1. Per residue of segment 88-102, in order, report the coupling 6.51 cos²θ - 1.76 cosθ + 1.60 (Karplus, θ = phi - 60°) as ³J(HN,Hα) in whole Hz, putting x for Gly and Pro.
2. Compute the relative contact order of segment 18-77 as a whole-number percentage, counting only Cα pairs closer than 8 Å that sit 6 or more residues apart in sequence.
3. What does the C-alpha gyration tensor say about the overall shape of segment 7-48? Classify as rounded when a/c is under 1.5, otherwise prolate if a/b is larger than b/c, or oblate.
4. Where Lys and Arg each count +1 and Asp and Glu each count -1, what net charge lies around Asp30 among other residues with Cβ under 12 Å from its Cβ?
5. Would you work out which of Ala6, Ser147, Met96 lies farthest towards the positive end of the dipole of the chain? Charges go on Cβ: Lys and Arg +1, Asp and Glu -1.
6. Distance between Cα centroids, segment 60-115 to segment 129-151: provide it in whole Å.
7. In sequence order, what are the phi-derived ³J(HN,Hα) couplings for segment 63-69 according to the Karplus relation 6.51 cos²θ - 1.76 cosθ + 1.60 with θ = phi - 60°, rounded to whole Hz, with x for glycine and proline?
8. How far, in degrees from 0 to 90, does helix 28-38 lean away from the longest principal axis of the Cα atoms of the chain, to the nearest 10?
Amino acid sequence: MTPPLAIVAAIARNGVIGAGGGLPWNLPSDRAHFRALTMGKPMLMGRKTFQSIGRALPGRETIVLTRDINFKAEAIHLAHDLETALALAVERAKAMNASEIILAGGADLYAALIGRADRMYITFVESAPEGDVHFPVIDWSLWREASRLEPEPRPQDETRFSFVEFRRR
């Protein structure tokens, strides 16, 4: 059985997910939530997303999809087309006995795979920052809300947020 594909993203009220190669907010609570959601699972991401993180994250296997055949990085798996990346993610998930495959961005990869995703873990960020990367439009009729948490922000968190899990209908 193929493990489910789960999108993990933080989205501002205006749809922004990135600015200038990084996140347009500082939310340590969301970073901790991301870590908890992704630990022990394969993470599929595009090259720009990987480069914004800067390294492979411990406790996860990172699969980077890139058209750049010269791109190299330590401690990651590389794929140069979408189907190869997905097959590698399935293989790694089975080897790791992971409950799901994480799709960690960016926007082009979200757009390419949202129609194949089974779950979405969305952090709704209660701000509308300037940004140059946006989450694709979501057809909400295809999704049902499975859970919602609205924690009190930590002192270091720049804004309020909600953690919402969606399952495909």
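None of the figures in this text is laboratory data; all of them are computed from the coordinates on show. It should be emphasised that the depicted structure is a prediction, and the values quoted were computed from it without experimental measurement. As a convention, Cβ positions derive from the backbone with ideal geometry for all residues, glycine included, and neighbour counts pool all protein chains shown.
1. 5, 4, 5, 4, 5, 4, 5, 5, 8, 6, 7, 7, 6, 9, 9
2. Relative CO of segment 18-77 lands at 30 percent.
3. Here segment 7-48 falls in the oblate category.
4. Values: positive: Arg31, Arg35, Arg154, Arg160; negative: Glu126, Asp157, Glu158.
The answer is +1.
5. Ranked along the dipole, the leading option is Met96.
6. So the two Cα centres are separated by 21 Å.
7. 10, 9, 9, 8, 7, 6, 6
8. Result, in degrees: 40.
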